[in-house]
Structures are given as structure tokens and as C-alpha cells.
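First the structure, in the form of C-alpha cells, and then the observations on it.
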Amino acid sequence: MTHWKRLVHGFVILSGIALSAGCERADSGGSTAHANANAIGVAACDDYLMKYTRCAKERAPALARTQMLESAVAMHASWKQAAAVPVTKRGLEQSCQAALKVADTSMPYGCTW
């Protein structure tokens, strides 16, 4: 399994754990959606996907780029669905914040965040 696949796989597992935990904290209101209609509505997740997609488009070789962009589409669909439910939306914010921290030091192809 390549490095970026491990990263995405780990993030998906982390998201599932946070979502299934139901997260008890109150929503801080800090999750504002970008003006984009395709935004998830969770700031950290929108930020992660923007950076991940930019990395794929600007740095990844062709085959990896295709796989990374397909992963981004799948993550977007999953997170958009999770963001539609208030309880899972709170957990999603925490998961995406954690993913941003991990990706900052472990993204492949010289991508830095």
C-alpha cells in the first residue's frame, strides 16, 4: 500500500471512529461553509479536500493523481452525507482537524500544508 493510500485509509478509519462515537461537545459555530455549493459545510473538511486536491493536481504523477482525485470525490461524498446530520457533523470537524495535522507532515510528492 502506497504512502498516500495509507494516509487516506487511516483518515477514513479515524473519521469512522469519530462519527460512531457521536461526539458529545456542543457545536462551536466555527464551521462555516465556503461560498461553493459543493462545500461540505465543515471548515476543516473543506480545507482538507481543497489542499488534498491541489496536491494531487499540482504534484502527483498521472496515475497517482487519478487515484488521489477519485479518493477526494469519495471522501467528499461521504463527508457531505455525514455533515447533513448534526451529531456526525461535530465528529467530522474533529476528524478533519486531526487529518489536517497528520497530512501536514506526511503528504507525498513534496506537498506541504
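The values are calculated or read from the model by the stated rules, or taken from the named source; none is laboratory data. Note that the structure is predicted; figures quoted are calculated from it, not measured. Glycine also receives a Cβ, built like all others from the backbone with ideal geometry; neighbour counts cover every protein chain displayed. Only protein heavy atoms, including side chains, enter the accessible area calculation; ligands, DNA and RNA are left aside. Shrake-Rupley method; radii C 1.70, N 1.55, O 1.52, S 1.80 Å.
Listing for the model above:
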{"read-out": "So E93, is it over 19 Å from A37 (Cα atoms), of a type in the set (D, E) and part of a helix (DSSP H, G or I)", "value": "no"}
{"read-out": "The stretch 96-112 residues that are without any contact (Cβ under 8 Å) to a residue 12 or more places away in the chain, paired with ones that are part of a helix (DSSP H, G or I) and loosely packed, with under 13 Cβ neighbours inside 10 Å (beta carbon under 9 Å, 6 or more apart)", "value": "T112/D104; T112/T105"}
{"read-out": "Residue within the stretch 69-77 that is open to solvent by less than 30 Å² (accessible area, probe 1.4 Å), farther than 16 Å from Y109 by Cα, charged (D, E, K, R) and modelled with pLDDT of 95 or more present", "value": "no"}
{"read-out": "Those residues of the stretch 39-57 which are part of a loop (DSSP other than H, G, I, E, B) and either without any contact (Cβ under 8 Å) to a residue 12 or more places away in the chain or closer than 22 Å to Y109 by Cα (or both), in sequence order", "value": "A39"}
{"read-out": "Test: residue in the stretch 19-34 that is buried (at least 20 other Cβ atoms within 10 Å of the Cβ) and at pLDDT below 95", "value": "yes"}
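Conditions tested, residue by residue: (1) in contact with a Lys or Arg (Cβ under 7 Å, 6 or more places away or on another chain); (2) hydroxyl-bearing (S, T, Y).
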site: L63; (1), (2): no, no
site: T66; (1), (2): no, yes
site: M75; (1), (2): no, no
site: A83; (1), (2): yes, no
site: P86; (1), (2): no, no
site: R90; (1), (2): yes, no
site: E93; (1), (2): no, no
